[in-house]
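Let me begin by presenting the structure, written as structure tokens, before commenting on it.
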Amino acid sequence: MAEQHGAPEQAAAGKSHGGLGGGYKVTVYELENFQGKRCELSTECPNLTDSLLEKVGSIQVESGPRPGGDPPSLPRWLAFECRSFRGEQFVLEKGDYPRWDAWSNSRHSDSLLSLRPL
């Protein structure tokens, strides 16, 4: 499910659903540095630009799947440069990604169009 919000401050006030068995939550912003329109996702999204956002400028990963292990790893999401989970992939762990080069070392790819829990 996705929610659209106009004020980026609303994302900072939200609490994470993390932890074992917790929910999934990532907030995607249209502009860099967590500005502009935002979209909160709790499930995969094959096309972030389908009436949600024009582009992705920054991301906050708040919670996600926690694979087993000793110790368990951080919540992670898998982001793709193209729609329908295609193209270059980026693993996003819990944290803030203020601009595209924070999640990509690629010089040719500055877009992110689909996203799903990993």
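The values are calculated or read from the model by the stated rules, or taken from the named source; none is laboratory data. The model shown is predicted, which means the values in this text are computed figures rather than measured ones. We place every Cβ from the backbone using ideal geometry, glycine too, and count neighbours over all the protein chains shown. To get the accessible areas, we keep the full protein, side chains included, count just its heavy atoms, and leave off ligands, DNA and RNA. Shrake-Rupley method; radii C 1.70, N 1.55, O 1.52, S 1.80 Å.
Just a few scattered comments:
- Positions within the stretch 1-57 being modelled with pLDDT of 90 or more, of a type outside the set (A, V, I, L, M, F, W, C) and closer than 20 Å to LEU74 by Cβ, in sequence order: LYS25, THR27, GLU40, SER42, THR43, GLU44
- When SER104 is tested against the conditions (1) small (Gly, Ala, Ser); (2) at pLDDT below 90; (3) at positive phi, the lone failure is (3).
- Taking the criterion of being modelled with pLDDT under 90, open to solvent by 60 Å² or more (accessible area, probe 1.4 Å) and among the small types (Gly, Ala, Ser), the only residue of the stretch 58-92 that qualifies is GLY68.
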